[in-house]
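J.: Quick one: the structure is below, and I'll ask about it shortly.
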Amino acid sequence: MSDATRLGFSGFAAPARGALVVFCDDKLTIGAATKRLLGRAAELVKRAAAADKFTGKPGSALELVAPAGLKVSRLIVLGVGKPNEMKAVDALKLGGKALGKVPQSAPEATIVADLPAGPMKAEQAADLALGAQLRAYSFERYKTKRQEGEEKPALAKITVAVGDLAAARKAWASRTAVEQGTTIARDLVNEPANVLYPEEFARRAAALKKLGVSVEVLDVKAMQKLGMNALLGVGQGSAHDSRLVVMRWNGGKAGTPPVAFIGKGVCFDTGGISIKPAGGMEDMKADMAGAACVVGLMHALATRKANVNVIGAIGLVENMPDGKAQRPGDIVKSMSGQTIEIINTDAEGRLVLADVLHYVNTRFKPKFMVNLATLTGAIIVALGQEYAGLFSNNDELSERLTKAGEETGERVWRMPLGPEYDKLIDSKFADVKNTGGRNAGSITAAQFLQRFVGKTAWAHLDIAGTGMGSPQTDINKSWGSGFGVRLLDRLVADHYEG
Ligand code: BES
Ligand code: MN
Ligand code: ZN
């Protein structure tokens, strides 16, 4: 895990050290609690604002170093505009923005959860705290020295000052679970592939046992027995054996059908024999971001003891070129019985998912399946890094995911499916082929998956753009974003618990 920044709450009182962040509107109004806390430093803020032409524009900040009357080394006044009705996602983003104004070298930061109109509610303050802590994440494990002018992140503690301490701490319980889950997902995505290969990934997933999650690891032999030749074909050129990990959290009523989350876990994607160009190939260590999200989500749900039965399943492989590697033209028989002609060995994620989706569907008969995958470059062309692509055979599930996306800021955009696209993957020699040509690359990939889900409600999230490559948001500066943990935790919380 990354060096953790601890988070705690305090009452409205001036801290003794570090950086202090407070909020003002575009008339430089500050809340009553903030005013009390600042004491005579409030006057200083007015003078500094005039001197610096600071007007409290949303997102802009005024900084006072060693402010007289306060013990902190730095006071930061952040403009919030005119926040009348602040939604959860706004409070989250504000926490991220606030922490973003704190210099890397500060050992402590205190954020005052008080708006010009009055103290933030406990739930809002907890969202603010979540945003701040997610923003503070950075992956430092392999940095042994610093470049010129590069500061070592030193933030050891974030304190959120609130009106109602007990209520804020209570609201924090579910958020800290989500924060930990997201951090786990980010760490997994950022980790290089020489360290994180399928077996090691499975070992890390097995750590969920400590939380009461049951974890089964299927090795190559077990998968051969099940007939998972689509998944196994992808991994056969690698020195690292493939694995399938099945995680179960039984927090719901015994016997009620589970919900299921499935992740693409290609620990490294060279493209195989259809090898990728060298430029940027290092990014393909993150081709397991879907699997990372599923592990992070299971951690979050188990930590907050979610009242629901959940399956998490991840297909772990490494896609390498080798004497034993799969070739274009090869035909494999998937666990479902459908035969697949391999056209391009770089379209490997769908092969892995085909077997995992079929396995989960037939073994567990879930209420729905949601899979996450860094599946296509084409989804980045279509949606950039703002939205994940959503493909689904079920309108209700789609709407719920879309709403959860708006609520959490992890947004998804529904893309079409249909028979006109499906026929593009009919094969000359087998039941289906693994690519559909240049057009509509993300859609034909989704059509391929759909052939393996039967009639079960299903959604596929293509997270190639949102899961990796430092998607820039207020609450993420990490290369691996941990996308999907908050989204799916919310989906479960809003619709499938209790
Ligand atoms: N893992 C890649 C998709 C990807 C690309 C993820 C860029 C993140 C960033 C996937 O396995 C892949 O190679 N897809 C091919 C499919 C093609 C061969 C039909 C692609 O997108 O080019
Ligand atoms: Mn590929
Ligand atoms: Zn891939």
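J.: Quick one: of the DSSP bridges fully inside the stretch 375-482, what percent are antiparallel, nearest 5?
T.: DSSP beta bridges in the stretch 375-482 are roughly 60 percent antiparallel.
J.: What does the accessible area of D114 come to, in Å² to the nearest 10, when a probe of 1.4 Å is used?
T.: About 0 Å², ignoring ligands and nucleic acids.
J.: Calculate one ³J(HN,Hα) per residue across the stretch 226-239 by plugging θ = phi - 60° into the Karplus curve 6.51 cos²θ - 1.76 cosθ + 1.60, and present them in order as whole Hz with x for glycine and proline.
T.: 7, x, 7, 6, 5, 5, 5, x, 5, x, 6, x, 9, 6
J.: Accessible area of I314, 1.4 Å probe, to the nearest 10 Å²?
T.: 0 Å²
J.: For the chain, what is the accessible area per residue in Å², given a 1.4 Å probe and the full set of protein chains?
T.: For the chain, the per-residue accessible area is 41 Å².
J.: While we're looking at this one, here's another question. If we sort 239-252, 277-290, 134-147, 441-454 on the protection proxy, mean other Cβ atoms within 10 Å, highest first, what's the order?
T.: Final packing ranking: 441-454, 239-252, 277-290, 134-147.
J.: If K97, K210, K324 are ordered by their accessible area, calculated over protein heavy atoms with a 1.4 Å probe, which sequence runs from highest to lowest?
T.: My answer, sorted largest first, is K210, K324, K97.
J.: Sorted by accessible area with a 1.4 angstrom probe, largest first, how do E179, E399 fall?
T.: E399, E179
J.: Relative contact order (percent) for the chain, with alpha-carbon contacts under 8 angstrom and 6 or more residues of separation?
T.: So the answer I get is 16 percent.
J.: Right, something else. Could you give each residue of the stretch 254-268 its phi-based ³J(HN,Hα) in whole Hz, using Karplus coefficients 6.51, -1.76, 1.60 with θ = phi - 60°, and x for Gly or Pro?
T.: 4, x, 6, x, x, 9, 10, 10, 10, x, 6, x, 7, 5, 8
J.: Here's another thing I want to ask about it. Using the Karplus curve 6.51 cos²θ - 1.76 cosθ + 1.60 with θ = phi - 60°, work out ³J(HN,Hα) for each residue of the stretch 189-203 in order, rounded to whole Hz, and write x for Gly and Pro.
T.: Those phi angles translate into 5, 6, 5, x, 6, 6, 8, 9, 9, x, 4, 5, 4, 4, 4 Hz.
J.: Right, another one. Once ligands and nucleic acids are excluded and a 1.4 Å probe is used, how much of W479 is accessible, expressed in Å² to the nearest 10?
T.: 60 Å²
J.: Carbon-plus-sulfur fraction of the accessible area of the stretch 208-355, 1.4 Å probe, in percent?
T.: It is 52 percent, rounded to a whole number.
J.: Multiply the residue gap between K324 and N394 by 0.36 nm, knock off their C-alpha separation, and tell me the result in nm, one decimal place.
T.: 21.2 nm
J.: Continuing with this model, one more query. DSSP beta bridges in the chain, what fraction antiparallel, as a percent rounded to 5?
T.: Percentage antiparallel, nearest 5: 40.
J.: Rounded to the nearest 500, what is the 222 nm mean residue ellipticity of the chain from helices alone, with -39500 (n - 2.57) per DSSP H run of 4+ residues and division by all residues?
T.: One gets -10500 deg cm²/dmol as the mean residue ellipticity at 222 nm.
J.: Take every Cα pair under 8 Å in the stretch 82-213 that's 6+ residues apart, average their separations, divide by the length, and report that relative contact order as a whole percent.
T.: Relative contact order, the stretch 82-213: 30 percent.
The values are calculated or read from the model by the stated rules, or taken from the named source; none is laboratory data. Everything numeric in this text was worked out from a predicted model, so none of it was measured. All Cβ positions, glycine included, derive from the backbone under ideal geometry; neighbour counts span all protein chains shown. Quick note on the areas: whole protein, heavy atoms, side chains included, nothing else; ligands and nucleic acids left out. Shrake-Rupley method; radii C 1.70, N 1.55, O 1.52, S 1.80 Å.
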